[in-house]
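A.B. asks: What follows is a single structure, and I will ask about it in a moment.
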Amino acid sequence: MSNYHEPAEELSKETRDFSRALNSLKEEIEAIDWYHQRVDASDNVELKEIMGHNRDEEIEHACMTLEWLRRNMPGWDEELRTWLFKEGPIVHHEQDHAEDEQGGDEQDEEKGNDLGIGKLK
């Protein structure tokens, strides 16, 4: 069984690596969920501690894979820098981001940051 939606032989090595990373990330997140549920459901303190440790290891693995995607797959770096580690309600941040994208040219002109070459996007 393949995770590819297109014939593997038609995909570049890079795309196959992206698929490997994305599938690994899904698997790590699934494992985090499983361990977290087991920690929550167990009454045995020592077992909860072990499963909590295992869950945290899976979080580490997911973060490492996410960092690889950020460094290697187009789009991840920009989106992660836009959305992660922000304060306040996430939905409000989405609105702020949309306003920044729409008002960027006028703001640059007002601040004297306009290079006079037009929009680069």
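The values are calculated or read from the model by the stated rules, or taken from the named source; none is laboratory data. These numbers come from a predicted model, not from an experiment. Note: ideal-geometry Cβ built from the backbone for every residue, glycine included; neighbour counts use all protein chains shown. For accessibility, only protein heavy atoms count, side chains too; no ligands or nucleic acids. Shrake-Rupley method; radii C 1.70, N 1.55, O 1.52, S 1.80 Å.
A.B. asks: Considering only the other residues whose Cβ falls under 12 Å of the Cβ of Glu30, what net charge follows from Lys and Arg at +1 and Asp and Glu at -1?
C.D. replies: -2
A.B. asks: State the percentage of accessible surface on the stretch 1-70 attributable to carbon and sulfur atoms; use a 1.4 Å probe and exclude ligands, DNA and RNA.
C.D. replies: Summing carbon and sulfur atoms, their accessible area is 52 percent of the total for the stretch 1-70.
A.B. asks: May I pose another question? Using the Karplus curve 6.51 cos²θ - 1.76 cosθ + 1.60 with θ = phi - 60°, work out ³J(HN,Hα) for each residue of the stretch 64-81 in order, rounded to whole Hz, and write x for Gly and Pro.
C.D. replies: Those phi angles translate into 5, 5, 4, 5, 4, 4, 4, 6, 10, 9, x, x, 5, 4, 4, 5, 5, 5 Hz.
A.B. asks: Once both labels are modelled 7 Å past Cα along the beta-carbon direction, what's the Ile59-Leu80 spacing in nm?
C.D. replies: Result: 1.7 nm between the two label points.
A.B. asks: While we're on this one: Exactly which chymotrypsin sites (Phe, Trp or Tyr not before Pro) in the stretch 1-78 are in a DSSP loop and have at most 14 other Cβ atoms within 10 Å?
C.D. replies: Hits after loop and neighbour filter: Tyr4.
A.B. asks: I need the phi-derived Karplus couplings for the stretch 12-19: 6.51 cos²θ - 1.76 cosθ + 1.60, θ = phi - 60°, integer Hz, Gly and Pro marked x.
C.D. replies: Once rounded to whole Hz, the list reads 5, 4, 4, 5, 5, 5, 4, 4.
A.B. asks: If you don't mind, another one. What figure, in Å² to the nearest 10, do you get for the accessible area of Thr15 with a 1.4 Å probe and non-protein molecules left out?
C.D. replies: 60
A.B. asks: Let me ask something else. Do you know the relative contact order of the stretch 3-57, to the nearest whole percent, from alpha carbon pairs under 8 angstrom that are 6+ apart?
C.D. replies: 27
A.B. asks: How much length is gained if the chain between Val45 and Glu99 is pulled fully straight, taking 0.36 nm per residue apart and subtracting their Cα-Cα distance, in nm to one decimal?
C.D. replies: Contour length minus Cα-Cα distance gives 14.6 nm.
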